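The values are calculated or read from the model by the stated rules, or taken from the named source; none is laboratory data. Not measured: the values here are computed from a predicted model. Note that each Cβ is placed from the backbone with ideal geometry, even for glycine, and that neighbours are counted across all protein chains shown. Note: accessible area is taken over every heavy atom of the protein model, side chains too, but ligands, DNA and RNA are not part of it. Shrake-Rupley method; radii C 1.70, N 1.55, O 1.52, S 1.80 Å.
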Amino acid sequence: MRSIAVDEGRGVNARALVVSDLVVAYKPGQPVLKGVTITFNGRGMTAVIGPSGTGKSTLIRTINRLVEPTSGQVLFLGRDMARVKGRTLREMRSRIGMVFQEFNLVERLSVMENLLCGRLGFVPAWRTWLRRFPESDIARAFDLLDAVGLREFATQRADALSGGQRQRVGIARALMQEPALLLADEPTSSLDPKTSVEIMELMTSLARRNDVPVIVNMHDVELAKRFAERIIGLSGGTVVFDGPPGALKDEHLKQIYGGEGWL
Amino acid sequence: MLSPSKHGREARRAFEANWLARLGWLALAAYVFYAGSLLDLNWERLLLGLDNAGRLFGRMFPPDYSRWELLLKGMMESLEIAVLASFFGIAVSLPVGLLASRNMMPAWLTWPARMLIALCRSFHPVIVSILFVKAVGFGALAGILALVVASIGFIAKLFAEAIEEISLKQVEAVRSTGASMPNVLIFGVLPQVLARFIGFAAYQLDSNLRNSTMVGIVGAGGIGGTLFAAFQRFDYDFVLAILIAIIVTIMIGEILSARLRAVFQ
């Protein structure tokens, strides 16, 4: 499972992600991200917090190029995600897993098929059409189903699952990619508080077990402080806080979210 | 307490009067009367027609099945036309419908695809049949080609609309795994549209079965030719035999396509 080379010798993680001067404007002249520079060192969990509409999702989605950046660099595995295209872009995406706020499972496919979606970057279309995935992929899928506690749901259709179960499938699908990086875009925002904690616990433990660094977006500050080793506060399209959860004080939250009546 | 508005009723109108729509209905009613008067439709003409129809029905009974071999041959040919036209029509419609879907394809691809669909839709199958009879000669080939064109015009458009209504979130998730375009289609798009595609295809087979009994009238093969000849020779009892055979075939087709749709829901 550990196919990623980790260059411990030089103390630099090969999976480090360097975002520099990233600007994203959906409409010309109205940037959502206004020159963001962050170095993710490629281990543990980093939470990006901030108010709605401040560009958290945009930042995450630019990393795997679901969103086109306007300018700047996103260096990962020796390539600039902001520039790559075609086959190289697909290869890069196949190394980055993603967990979505609304799970984004293919509703009419079975749980097993949804997991195998994670292998689509590696298996040619004629084989996926016939559902002839390599035996190792099937075995990995069953292992992950065990890990998320959904083995008996393998052949059930995804639309038969509850929200929490769906997100478990979403996490398993992302880990099927054997990713060098796991992105999670508001993974708990569609879930109740108890399920949210369970999902975060599951994601944290599985990421640790599979040795995958995680970047997670969330607006729940307490949840972020509880699970992340590093917190980045985004406000108005720029980084306004970057540090360990313990260093995040009320004045930072005031700066990030504005006002103080809610604290 | 709510006090009556100073502006009275004027300011409290809940529904805006749509004068344009009222005018439109009025114009439609006026045109129907005008067209009716132009075509000399009156009770006398209707009674004359009913009288004639009564005599026709009288000569139809009992249906004559003595030429059952001719009937069977024609029906089999119609069935062949319908099945082959549906098969090739649907096979062509799948890529054309995909190319025409504006959420999956860029505008420079959707426009030509939509033009092709519009072209296939613009003529009734009878007109297309005549064209193909002139082009490739009498027989089933002309009928098949005509119904392929009709199928593309109808079903490619429905396919495109079905694809345009899918959830792009599911597609985005599949795309984010680094899947190639064919893999995105197989795992992200197809599962969302398959049941509807099967429904449309079954409907098209149904509709082609109906149309295949008609293309023969212009010489494009099938039972239609036999039916037309029987009409012209005033063999009304044989006409009824053919009509009953068509009704039975269409009903069986309807039942089968309903079953097919139920399986894939």
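What to note about this one:
- Length-normalised contact order of chain A in % [C-alpha pairs under 8 Å, at least 6 apart]: 26 percent
- Residue by residue along A:117-126, Cβ atoms of other protein chains within 10 Å of the local Cβ number 6 on average.
- Mean residue ellipticity, 222 nm, helices only, chain A: the sum of -39500 (n - 2.57) across DSSP H runs of n ≥ 4, divided by residue count and rounded to 500, is -9500 deg cm²/dmol.
- With R₀ fixed at 30 Å, the C-beta to C-beta distance from B:Leu256 to B:Leu70 puts the FRET efficiency at about 0.75.
- Remark: the Cα gyration tensor places the protein assembly as shown in the prolate category, a/c being 1.5 or greater and a/b exceeding b/c.
- Under the shape rule built on the C-alpha gyration tensor, where the axes satisfy a ≥ b ≥ c, chain B is oblate, since a/c reaches at least 1.5 while a/b does not exceed b/c.
- Working note: Karplus 6.51/-1.76/1.60 with θ = phi - 60° gives region A:78-94 the couplings x, 10, 9, 4, 6, 10, 4, 8, x, 4, 5, 4, 5, 5, 5, 4, 5 Hz, where Gly and Pro are set to x.
- Note on region A:19-108: percent of Cα-Cα distances in each 10 Å bin, starting at 0 and stopping at the bin with the largest distance, equals 15, 47, 33, 5, 0.
- Principal-axis tilt of helix A:193-209 within chain A, Cα atoms, nearest 10 degrees: 70 degrees
- Cross-link partners of B:Lys134 among lysines (Cα-Cα below 25 Å; sequence separation of 8 or more within a chain): B:Lys73
- Selected from A:Gly118, A:Gly72, A:Gly149 as most flexible by GNM, with chain A as the system and alpha-carbon contacts under 10 Å: A:Gly149
- Percent accessible area from carbon and sulfur atoms, the protein assembly as shown, protein chains only, probe 1.4 Å: 62 percent
- Added length on full extension, which subtracts the Cα-Cα distance from 0.36 nm per residue, B:Tyr203 to B:Arg12: 63.8 nm
- Each of B:Glu80 and B:Asp51 was given a label point 7 Å from its Cα along the Cα-to-Cβ line. The distance between the two points is 4.6 nm.
- Across peptide B:190-196, the mean count of Cβ atoms from other chains lying within 10 Å of each residue's own Cβ comes to 3.
- Leading residue at positive end of dipole, region B:68-264 (Cβ point charges), from B:Val193, B:Ala241, B:Ser129: B:Val193
- Surface calculation, 1.4 Å probe, protein heavy atoms: A:Leu182 sits at approximately 0 Å² accessible.
- Multiplying the residue separation of A:Arg127 and A:Glu201 by 0.36 nm and removing their Cα-Cα distance gives an extension gain of 23.2 nm.
- Listed by chain and number, the lysines placed with their C-alpha closer than 30 angstrom to that of A:Lys225 are A:Lys34, A:Lys56, A:Lys194, A:Lys249, A:Lys254, B:Lys169; residues fewer than eight positions away on the same chain are left out.
- Using θ = phi - 60° and Karplus 6.51 cos²θ - 1.76 cosθ + 1.60, couplings along region A:13-30 (whole Hz; Gly, Pro as x): 6, 5, 9, 4, 10, 10, 9, 9, 6, 6, 10, 10, 10, 6, 10, x, x, 10
- Filtered chymotrypsin sites (Phe, Trp or Tyr not before Pro), region B:19-88: DSSP coil and at most 14 other beta carbons within 10 Å: B:Tyr65
- Database remark: amide H of B:Gly139 closer than 5 angstrom to the amide H of B:Ala220, B:Gly221 (H placed geometrically; neighbours at sequence offset of 5 or more, or on other chains; Pro and chain starts carry no H).
- Highest GNM mean-square fluctuation among A:Leu181, A:Leu202, A:Leu33, for chain A modelled with Cα contacts below 10 Å: A:Leu202.
- Peptide-level mean, for A:90-101, of C-beta atoms on other protein chains within 10 Å: 3
- Between amide H atoms placed 1.01 Å from N, distances below 5 Å from A:Met81 occur with A:Val74, A:Leu75, A:Phe76, all of them 5 or more places distant or on a separate chain.
- For the pair B and A, total buried accessible area rounded to nearest 100 Å², probe 1.4 Å: 2100 Å²
- Solvent exposure of the protein assembly as shown, expressed per residue, is 52 Å² of accessible area, with all protein chains present and a 1.4 angstrom probe.
- Placing unit charges on each Cβ (+1 for Lys and Arg, -1 for Asp and Glu) gives the protein assembly as shown a dipole about its Cα centre, and among B:Ala179, A:Leu89, A:Pro134 the Cα reaching farthest toward its positive end belongs to A:Leu89.
- Cα gyration tensor shape of region B:1-157, rounded if a/c is under 1.5, else prolate or oblate by comparing a/b with b/c: oblate
- With a Förster radius of 51 Å applied to the C-beta separation of A:Glu135 and B:His124, the computed FRET efficiency comes to 0.40.
- Using a Gaussian network model of chain A in which every pair of alpha carbons under 10 angstrom is joined by a spring, one finds that among A:Val123, A:Val239, A:Val169 the greatest mean-square fluctuation is at A:Val123.
- Solution diffusion estimate, µm²/s, Stokes-Einstein, region B:14-59, Kirkwood Rh from C-alpha pairs, 25 °C, viscosity 0.890 mPa s: 179 µm²/s
- Where A:Ile63, B:Ile198 fall by accessible area, highest first, once all protein chains stay in place (1.4 Å): B:Ile198, A:Ile63
- In chain B, the sites counted are GluC sites (Glu not before Pro) in DSSP loop states with at most 13 other Cβ atoms within 10 Å, and the longest stretch holding none of them, exclusive of the sites, is B:17-164.
- Chain B: DSSP helices with Cα axial extent of at least 24 Å and average Kyte-Doolittle hydropathy no lower than 0.5: B:19-38, B:68-100, B:236-264
- Helix A:163-176 vs. chain A, principal-axis angle (Cα, 0 to 90°, nearest 10): 80 degrees
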